[in-house]
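Working notes for the structure below.
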Amino acid sequence: MEGSRIPILKVGRVLIVPIQVDMDDQTVMHLQERILSELERTGARGVLIDISLLEMVDSFIGRVLSDIAAMARIMDARTVVVGMQPAVAITLVELGLELRGVDTVLNVDEGIKLLRDEFAVRDDEIGQVELNAFDGEQVNRA
Amino acid sequence: MESKSIALESEHDIAVARNEVRAMAVRIGFRIVDQTRLATVTSELARNIIKYAKRGRMIAQPMHNAQGQSGLRLIFEDTGPGIPDIEAAMRDGFTTGGGLGKGLPGSKRLVDEFKIESALGRGTRIMVARWL
């Protein structure tokens with residue numbers, strides 16, 4: 001399955017979804033289904049979607065991100081989208097997309113902070129060890 | 001640089017088209033924001049073709065004007081049902097396809113030139129262009 005190429009990492013009670021490929025529509029829909037079934041399976045409280053490598057967000061992907069946030073919310077989980085490239089943000093605004101219901105922050109660090117502070121996902125629910133490993137990857141990429 | 005025609009026959013071709021457009025935009029010398037605008041416009045307009053007309057094609061043409069300025073013209077054409085009310089379709093929030101209604105008006109904001117022709121039962125042709 002095309003969509004399976006995007007990993008969904010469970011770190012404590014947060015699902016981390018690093019999108020690292022250009023997604024066709026089917027991949028996007030498949031990813032949405034997988035995130036929701038992982039939420040159900042794991043009882044995760046937060047979803048952190050890293051789009052720092054995504055070169056474009058059109059109205060279709062934008063709507064799916066909003067849908068994921070809305071559906072996750074119903075399943076008592078909060079969604080945060082991190083790492084949007086400046087060019088993608090500019091284009092989104094010109095396109096007139098609002099990403100309704102989606103919280104966006106600059107990087108994974110801020111995303112974890114937001115999930116922790118505002119959504120009351122505790123540190124021990126996030127899992128400090130794995131989180132540090134992920135930080136390292138972020139630094140190398142930048 | 002030569003023009004390129006890409007058949008739009010499945011959802012996967014939307015991704016093919018926008019990757020091709022981005023690659024051409026890079027070669028022409030567009031900066032990252034314009035590359036992103038052109039790729040996004042391609043995604044929106046190619047998806048409209050798949051959604052409403054089932055199939056069609058995109059033609060990407062590098063161009064130069066008399067002042068030596070470079071640009072990229074994209075033509076999206078299909079022989080689908082056509083757009084009954086273009087004026088309504090160009091309004092933000094108007095949709096007949098269950099989407100957000102951002103496709104056409106949003107796309108227009110991302111380019112320098114936008115021309116739309118449509119005939120009911122015969123198809124739609126949209127030309128967009130962005131100058132360097």
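Where the second residue is surrounded by fewer than 19 Cβ atoms within 10 Å (Cβ to Cβ) and among the polar types (S, T, N, Q) and the first is touching a residue at least 24 places away in the same chain (Cβ under 8 Å) and within 10 Å of another protein chain (Cβ to nearest Cβ) and lies in the stretch A:7-28, which pairs have Cβ atoms under 7 Å and are six or more apart or on separate chains? The qualifying pairs are A:Asp22/B:Asn19.
Looking at the structure I just gave you, is B:Met90 surrounded by fewer than 18 Cβ atoms within 10 Å (Cβ to Cβ) and either under 14 Å from A:Asp58 (Cβ atoms) or without any contact (Cβ under 8 Å) to a residue 60 or more places away in the chain (or both)? The answer is yes for B:Met90.
Among the candidates B:Ala17, B:Ala23, B:Ala7, the residue that is free of Cβ contacts under 8 Å to residues at least 24 places away in the same chain and open to solvent by less than 70 Å² (accessible area, probe 1.4 Å) is uniquely B:Ala23.
Listed here are the residues, each with its yes/no results for (1) away from chain A (no Cβ under 14 Å); (2) touching a Lys or Arg at 6+ places or on another chain (Cβ under 8 Å); (3) open to solvent by 40 Å² or more (accessible area, probe 1.4 Å); (4) more than 27 Å from A:Pro86 (Cβ to Cβ).
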site	(1), (2), (3), (4)
B:Ile28	yes, no, no, no
B:Ala46	no, yes, no, no
B:Ile49	no, yes, no, yes
B:Arg55	yes, no, yes, yes
B:Ile59	yes, yes, no, yes
B:His64	yes, no, yes, yes
B:Gln69	yes, no, yes, no
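Within the stretch A:17-47, the set of residues being β-branched (Val, Ile, Thr) and touching a Gly at 6+ places or on another chain (Cβ under 9 Å) comprises A:Thr27, A:Val28. Residues considered: B:Leu45, B:Leu110, B:Leu38, B:Leu8. Of these, the only one that is in contact with a strand residue (DSSP E or B) (Cβ under 7 Å, 6 or more places away or on another chain) and within 16 Å of A:Val88 (Cα to Cα) is B:Leu38. Residue under question is B:Gly80, and the condition is that it be surrounded by 15 or more Cβ atoms within 10 Å (Cβ to Cβ), touching a residue at least 12 places away in the same chain (Cβ under 8 Å), more than 15 Å from the chain's Cα centre (by Cα) and over 15 Å from A:Ser59 (Cα atoms); does it hold? So B:Gly80 passes the test. Scanning the stretch B:1-26 for residues that are of a type in the set (S, T, N, Q) and more than 21 Å from B:Ala53 (Cα to Cα), we see that the one that is nearest to the other protein chains (Cβ to nearest Cβ) is B:Asn19. Against the test of being under 20 Å from A:Leu95 (Cβ atoms) and out of contact with any helix residue (DSSP H, G or I) (no Cβ under 8 Å at 6 or more places or on another chain), the options B:Gly68, B:Gly82, B:Gly93 yield a single qualifying residue, B:Gly93. Counted as qualifying within the stretch A:4-94 are the strands (runs of 3 or more DSSP E) with 2 or more residues that are open to solvent by less than 20 Å² (accessible area, probe 1.4 Å), namely A:14-18, A:46-50, A:78-82.
The values are calculated or read from the model by the stated rules, or taken from the named source; none is laboratory data. Since the structure is predicted, the reported quantities are computational estimates derived from the model, not experimental observations. Heads up, the Cβs are rebuilt from the backbone with ideal geometry, glycines too, and the neighbour counts pull from every protein chain shown. Areas reflect the complete protein model, heavy atoms only, side chains present, ligands, DNA and RNA absent. Shrake-Rupley method; radii C 1.70, N 1.55, O 1.52, S 1.80 Å.
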